[in-house]
Amino acid sequence: MVKEKLFAKMSRKKIVAGNWKMNLIAQEAIALVEAIAQLKQNNTAVELMVFPPAIYLQALQHTSLKVGAQNFHPAEKGAFTGELSLNQLKDVGASIVLIGHSERRELFLESNSFLKEKVDAAIAHKMPIIFCCGEPLSIREAGTALEFVTQQLTESLFHLSPAQIVDVTIAYEPIWAIGTGKTATVEEAEAMHKGIRAAIEAHYQSSEIADSVSILYGGSCNATNAAELFACPNVDGGLIGGAALDAASFIAIANAF
Ligand code: PGA
């Protein structure tokens, strides 16, 4: 059983993704991507990707790193002032999108049903997804974190077919750990990742499907704590905020596998 789990982990995609949020200007973004590409050398065990502010996607599209968009609007086009469509993001080089980051949920009031629309739009565009989920502190303290996260997945993601869900990457990011310097303990992270995998298995009635979905951890993950987090049987990489803004620390995290 342990051997099987180990094999399942080895066969899943390993990803370290940098979410730059609303940081950097063009010159800094280009310099950061160049520094990361140079430092990454031949590390092919882990897929590295960055999510810059969308206005810099075009300038970064020829890097050897995968570049993605932090956000998009699910409509094809139209009267959505200030928003960007998937066609526009593809046009400037985005090849993956984040959906449901907690800052989108909390600050911009994106609901599970709106995020479902985004999931469907991305699937229709054959655009790969990192779907973010995670609970606020009050829910963690109430002891209902797994139920909360399972509901987020159920309402936005579990309508996908088996063939569609296996291509989705999930990022678990406890809100109380984002940008706070407070990381989930290894036990807390592993318990939630295991719980998410069990929820996928229960919904799709398939351990094969559950075992094939990569689940990343996010929330104050850095060069110091990445190795022990990534050693967990159900943690397949990280979605990194603050520590992704420095090439050396981002690469140190990638090398923590
Ligand atoms: P952090 O952010 O690493 O700065 O906590 C992670 C995220 O929000 O994706």
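None of the figures in this text is laboratory data; all of them are computed from the coordinates on show. What you are looking at is a predicted structure, and each value in this text was computed from that prediction instead of being measured. Glycine gets a Cβ as well: all are built from the backbone with ideal geometry, and neighbour counts include every protein chain shown.
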For this session: Along each of the three principal axes of the Cα atoms of region 130-253, give the extent in whole Å, ordering the values from largest to smallest.
Result: 40, 32, 22
Problem set entry | Radius of gyration and maximum dimension Dmax of the chain, Cα, Å | 17.2, 53
Problem set entry | Taking K77, K90 and counting other C-beta atoms within 10 Å, the order from fewest to most | K77, K90
Seminar exercise, completed: Per DSSP loop assignment and a cutoff of at most 14 other beta carbons within 10 Å, the chain keeps its longest run without exposed GluC sites (Glu not before Pro) at 84-257
For this session: In debye, nearest 20, what is the charge dipole magnitude of region 1-108 about its Cα centre with +1 on Lys and Arg Cβ and -1 on Asp and Glu Cβ, if you could check?
Result: 600 debye
Exercise. Around G238, which amide H atoms from residues at least 5 apart in sequence, or from another chain, sit under 5 Å from its own amide H, with H modelled in the peptide plane?
Worked result: I15, V16, A17, Y217
Problem set entry | Residue among F7, M22, L39 farthest towards the positive dipole end of region 1-52, charges placed on Cβ | F7
For this session: Just add up the charged neighbours of S95: K/R +1, D/E -1, any other residue whose Cβ is under 14 Å from the Cβ of S95.
Result: 0
For this session: Taking the dipole about the Cα centre of region 1-132, with the C-beta of Lys and Arg at +1 and of Asp and Glu at -1, give me whichever of S102, M49, F80 is farthest to the positive side.
Result: M49
Exercise. Using the Cα gyration tensor of region 1-127, with a ≥ b ≥ c the square roots of its eigenvalues, what is the shape: rounded (a/c below 1.5), prolate (a/b larger than b/c) or oblate (neither)?
Worked result: oblate
